[in-house]
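The values are calculated or read from the model by the stated rules, or taken from the named source; none is laboratory data. These numbers were taken from a predicted model, which means no experiment stands behind them. All Cβ positions, even for glycine, are placed from backbone atoms using ideal geometry, and neighbour counts span all protein chains on display.
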Amino acid sequence: MVSIEAHNQASLLRVAILALISIVAFGSRLFSVIRYESVIHEFDPWFNYRVTMNLVRDGFYEFWNWFDSTSWYPLGRAVGPTLYPGLMTTSAVIYNILHFFNLPVDIRNVCVFLAPVFSAFTAIATYKLTKEAEGPTAGLFAAAFIAVAPGYISRSVSGSYDNEAIAIFIMVFTFFLWLRAIRLGSALYGALTALSYFYMVASWGGYVFLINIIPLHVFALLLMGRYSNRLYVSYSTFYVLGTLLSMQIPFVGFVPTDTSEHMAALGTFGLVQLFGFAAFVKARVPEKEFQLLLKGAVAGLVCLGAVMFAFLSAKGIIAPWTGRLYSLWDTGYAKKHIPIIASVSEHQPTPWSSFFFDLNFLIWLFPVGVYFCFRKLEEPHVFMIIYSLFAVYFAGVMIRLMLTLTPVVCFTAGIAMSRIFEEYLDMRSENPDSRPEEDGTTSGAKDEDRSPRSQPNTSGILKKIPKLPRIGVIFNFLFFLILYQLHCTWVTSGSYSSPSVVLSSQTADGNTFIIDDFREAYYWLRKNTPEDAKVLSWWDYGYQLAGMANRTTLVDNNTWNNTHIATVGRVFASDEDSAYEILKKHDVDYVVVVFGGFIGYSGDDINKFLWMIRIAEGIYPEHVKESDFFNSNGQYAIGDQASQTMKRSVMHKLSYYRFNELFGGRGTDRVRNQPLPSYPIVLNNFEEAYTSAHWMVRIYKVKELDNLGRTFKQSAHFSHINAS
Amino acid sequence: MVDEPIRSISRYWKKNGQDDRLYFATIDAGTSSDIFEKLQLDNVPRLIAFPADIGQFKGSHKYPREINIVALKFDADAMAEQLSEELGVKLGTDVPFDYTKPLMYLGIVVVGGYVVYQLYQNLMRGGLIKSIAGVLSIVFILMMSSGYMWGKINQAPYIGASRGGEPSLFSPGNQIQFGIETQIVSALYALCAISVVGLTVHVPKIQNQERRTFMIFVWLIVLISTYSYLNVVFRIKIPSYPYRLLLP
């Protein structure tokens, strides 16, 4: 038998455990593929998928200069300079590598499985990072935690082909490289950090978080009087290279030089130079003169800085007090002034139950880990503390930033958990007296106190099983760990694995029932309308329409042009005739509304309608008024009690047109639990083109102009008279 | 609720208005119920604009019009805007600058800075600053992770009431929470965290084996019961949550 040394055994075990963790990380994200099929989820991923297909088909240069005239009709969108290309490039590279080795994998499958694969990488990066701070045990725990943490799974299930899918891995990996750079004081690792940061900038707008956390770490270390040459070398290398590299991304451009978000990094860079210079002088000048020099230099610099700041602000070259900075701290700002941000549910603040839902018992291990960080307070621990404080604040303000909090919770919880297991799993010496003292300062008085009395008094059961308390603790925490795994699987399976393109429900006999209305309707559009048809829908469905139906849309999830979105909102909120005018001006051929009243799908357009009205009112206050859509009792009713404006609005008409006929005039809306309008809804300017199987997607054709120049109301009236 | 915005609008008019074409008046139901009867007002507060029907500033229409201040959420700027539209004169708000808040902040910063400086000079050479920073950070983390910001942004009520009028501490449903929930939950988190710290830091330092065993079980019981209760509370939020510990 080949024997392996204990040291090698441990590293072999670690590799094996890490491999298993990676497999779990990959496996637990496959629910949706198994349950449905290998399909791209939700909204934004459809755009990324479409862009990736173009990239693979046409090559990088075409992609870079691609002007997409089929979105934001009639404005169009220059795609290359308005996106983060990291995700698409990554999957295109993977695709090309696979094809180089003659593995004919479809690009769709590359996109669908990209997020799970990168989650496995994240687990490994988390191991490396936590090991850098605390050691391999904590690293393994942290890796195991992040592998299944629902807060991260929510953005990285298979099919969720979005920037965050790879960005979290890159973020954790950049942090790892940074901590290693600062530990070694190595310019090489500093440069690697910069490269990894470049990848991050290319992938996700959240890079701003990274470029603020690292300088803050440096700043805190300087404040604590921990300046060192290692710090100087690693930060200077990282900042200079990282900033230059980040400016190569067209979407970022010169942003790193002139916005307030990047000023912390620049200021810290300047500060590090000053510290470096001071250290240089200090080594060459006697102590007394150095103190004098230091005081003079500080006073001079403060004055100079104040003058410069006043001058640049007055000139308008820098604008430190912009609304953007303001909105970060005053959380009511966006809600009041930017309805399109407030309308997105993931921009809402986070209730406590979401924290527990997404992190389970990690949420109370988190402060324990931070406590241990404070006890040690070495360079990586300072980093963890700063990261924790900022991430937890941002996660509290905005639910989607739970994603940036999850890694640090896993690191710190890993630290806490490793302390418990290292303490209690050590069964070698259950007798406390023979345990080696950790601190040698224990007084002699204590020694006398414990030994003679404690031994004979030990009660019966403890004598039989002296390790019982230890075993109890271990079992308790093992149980918590198992519970965590169960919780995570339950959350992932129940809440985070729905593709939202395809819905499922349970029939009365327990069978799963797939509702595939979206794809059905988009496919209908693809096959039955002219290729250059313009389709109007609310912006949520823009990317899906472009990706699945391949038709021109007016607005999509990019939301760069608020006026255009408000115009669409106004179409839905106005009466048929004024809507028709706007529709004709924009060459619209088809209008798509999503309606959930039949199957009880609550994310439908009538529920989003209030936001459409608000956004439209922001731009066209003279045409749309929110209060008009509430009836005299102040209710947002849809049936016979609805306000006149509501009944006349295009959205209401298109949603409920002929719907009540299904129920013989006595139906109810299953989402809002209100009776349907009992009168027949008359459409003059639209005709129903298609309604999907469960009435979820309704497509209407905008009628051509009447060839006698009448309004459709007149012509309908005319034919009505002629008929009778 | 509406007194302050109206006053600020009238102040604006007093300062910036060129003439006396506009008057602001308030009536109270207690003192002038006859006017209320005449105007058929049965609820307050209401804001009604009466255009002049004679004289040089005769309005384009005759009848008084009501401004729906509930829809404007009692916002002074929005009310001024509506009123100026209604009356055809430019109106704004004149809110006297509140010096107390910046002064208060300035005071806090100065005093706080001084205290920190003094502490640093006199006491901090040891680990005290570390401990203070540690305690503050952990309290901050506990507050944030139990939904403090949610309550602040959405102005949640502190406590709810059940049907029978008894106070209810936890609002059912994942989307709403009361102010007191933040406090209870953060206390539960803190209790769990403290028992873990007790188990890993405090217990190994106890020399007496019996007492150590006793403390291990004390901390374990505290931890398990707190965590069980946390799960119970969480099931109020999400009734379909399938896992539970000791408590039902």
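Residues in segment B:228-237 that are more than 7 Å from chain A (Cβ to nearest Cβ) and in contact with a Phe, Trp or Tyr (Cβ under 8 Å, 6 or more places away or on another chain): B:230, B:231, B:233, B:235, B:236.
Residues checked against (1) crowded, with 24+ Cβ neighbours inside 10 Å; (2) more than 30 Å from residue B:173 (Cα to Cα); (3) touching a residue at least 24 places away in the same chain (Cβ under 8 Å):
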site: A:359; (1), (2), (3): yes, no, yes
site: A:365; (1), (2), (3): yes, no, yes
site: A:375; (1), (2), (3): no, yes, no
site: A:382; (1), (2), (3): no, yes, yes
site: A:390; (1), (2), (3): no, no, yes
site: A:398; (1), (2), (3): no, no, yes
site: A:402; (1), (2), (3): yes, no, yes
site: A:407; (1), (2), (3): yes, no, yes
site: A:414; (1), (2), (3): yes, yes, yes
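Within segment B:158-171, the set of residues being part of a loop (DSSP other than H, G, I, E, B), over 19 Å from residue B:227 (Cα atoms) and not charged (D, E, K, R) comprises B:158, B:159, B:162, B:164, B:165, B:171. The single residue among A:110, A:93 that is surrounded by fewer than 13 Cβ atoms within 10 Å (Cβ to Cβ), closer than 25 Å to residue A:18 by Cβ and either in the same structural domain as residue A:200 (by TED's automatic domain parsing) or at pLDDT below 95 (or both) turns out to be A:93. Examine segment A:705-714 for a residue that is closer than 22 Å to residue A:538 by Cα, in the same structural domain as residue A:544 (by TED's automatic domain parsing) and either touching a helix residue (DSSP H, G or I) at 6+ places or on another chain (Cβ under 6 Å) or not hydrophobic (A, V, I, L, M, F, W, C) (or both), and state whether such a residue exists. Checked segment A:705-714: no residue is closer than 22 Å to residue A:538 by Cα, in the same structural domain as residue A:544 (by TED's automatic domain parsing) and either touching a helix residue (DSSP H, G or I) at 6+ places or on another chain (Cβ under 6 Å) or not hydrophobic (A, V, I, L, M, F, W, C) (or both). Restricting attention to segment A:598-612, does a residue exist that is in contact (Cβ under 8 Å) with a residue 24 or more places away in the chain and at positive phi? Looking for residues that are in contact (Cβ under 8 Å) with a residue 24 or more places away in the chain and at positive phi, one finds at least one in segment A:598-612, hence yes.
Check whether at least one residue in segment B:20-35 is touching a residue at least 60 places away in the same chain (Cβ under 8 Å) and closer than 28 Å to residue B:97 by Cα, and report yes or no. Yes - at least one qualifying residue is present in segment B:20-35. The residues listed here are A:634, A:596, A:600, A:639; of these, the one that is closer than 30 Å to residue A:506 by Cα and over 35 Å from the mean Cα position of the chain (by Cα) is A:639.
Looking only at segment A:685-695, decide whether some residue is within 21 Å of residue A:534 (Cα to Cα) and part of a helix (DSSP H, G or I). Taking every residue of segment A:685-695 in turn, none turns out to be within 21 Å of residue A:534 (Cα to Cα) and part of a helix (DSSP H, G or I). Here is the figure for segment B:1-57: residues that are aliphatic (A, V, I, L, M), under 17 Å from residue B:89 (Cβ atoms) and either in contact with a Phe, Trp or Tyr (Cβ under 7 Å, 6 or more places away or on another chain) or surrounded by 13 or more Cβ atoms within 10 Å (Cβ to Cβ) (or both) total 6. Can you name every residue in segment A:617-637 that is more than 12 Å from every other protein chain (Cβ to nearest Cβ), in contact (Cβ under 8 Å) with a residue 12 or more places away in the chain and not in a helix (DSSP H, G or I)? Within segment A:617-637, A:620, A:623, A:624, A:631, A:636, A:637 qualify. Are any residues in segment A:506-521 touching a Ser or Thr at 6+ places or on another chain (Cβ under 6 Å), touching a residue at least 12 places away in the same chain (Cβ under 8 Å) and either in a strand (DSSP E or B) or surrounded by fewer than 18 Cβ atoms within 10 Å (Cβ to Cβ) (or both), and if so, which ones? Hits for segment A:506-521 are A:512, A:514, A:520. Of all residues in segment B:168-227, those satisfying the criterion of being among the hydroxyl-bearing types (Ser, Thr, Tyr) and at the interface with chain A (Cβ under 9 Å from one of its Cβ atoms) are B:182, B:186, B:189, B:200, B:213, B:226, B:227. Remark: pairs (first residue in segment A:487-505, in the same structural domain as residue A:153 (by TED's automatic domain parsing); second residue assigned to a helix (DSSP H, G or I) and aliphatic (A, V, I, L, M); Cβ separation under 7 Å; 6+ apart in sequence or on different chains) are absent. Listed here are the helices (runs of 4 or more DSSP H) enclosed by segment A:289-359 that have at least 3 residues being modelled with pLDDT of 85 or more: A:352-359. Here residue A:539 fulfils each of the conditions (1) buried (at least 22 other Cβ atoms within 10 Å of the Cβ); (2) at pLDDT 90 or above apart from (2).
Among the residues of segment B:6-45, those identified as touching a Leu at 6+ places or on another chain (Cβ under 9 Å) and in a helix (DSSP H, G or I) are B:6, B:9, B:10, B:12, B:13, B:16, B:35.
When the residues of segment B:238-248 are filtered to those that are farther than 28 Å from residue A:372 by Cβ and among the aliphatic types (A, V, I, L, M), the one that is farthest from the other protein chains (Cβ to nearest Cβ) is B:247.
May I ask you to list the residues in segment B:178-209 that are surrounded by fewer than 17 Cβ atoms within 10 Å (Cβ to Cβ) and assigned to a loop (DSSP other than H, G, I, E, B)? Within segment B:178-209, B:206 is the sole residue that qualifies. In segment A:1-112, counting only helices (runs of 4 or more DSSP H) that sit wholly within it, the ones holding 3 or more residues that are among the polar types (S, T, N, Q) span A:6-27, A:44-58, A:86-100.
At least 3 residues being in contact (Cβ under 8 Å) with a residue 60 or more places away in the chain is the threshold, and among the helices (runs of 4 or more DSSP H) wholly inside segment A:144-255 those reaching it are A:150-153, A:163-184, A:187-203, A:207-223. All told, residue B:57 meets the bar of being aromatic (Phe, Trp, Tyr) and assigned to a loop (DSSP other than H, G, I, E, B).
Each row is one residue, and each column tells you yes or no for (1) surrounded by fewer than 10 Cβ atoms within 10 Å (Cβ to Cβ); (2) in contact (Cβ under 8 Å) with a residue 24 or more places away in the chain; (3) touching a helix residue (DSSP H, G or I) at 6+ places or on another chain (Cβ under 9 Å); (4) among the hydrophobic types (A, V, I, L, M, F, W, C).
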| residue | (1), (2), (3), (4) |
| --- | --- |
| B:86 | no, yes, no, no |
| B:94 | no, yes, yes, no |
| B:97 | yes, no, no, yes |
| B:102 | no, no, no, no |
| B:105 | no, no, no, no |
| B:108 | no, no, no, yes |
| B:111 | no, no, no, yes |
| B:114 | no, no, no, no |
| B:119 | no, no, yes, yes |
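Picking from residues in segment A:363-381 that are of a type in the set (Phe, Trp, Tyr) and at the interface with chain B (Cβ under 7 Å from one of its Cβ atoms), the one that is nearest to residue A:392 (Cα to Cα) is A:366.
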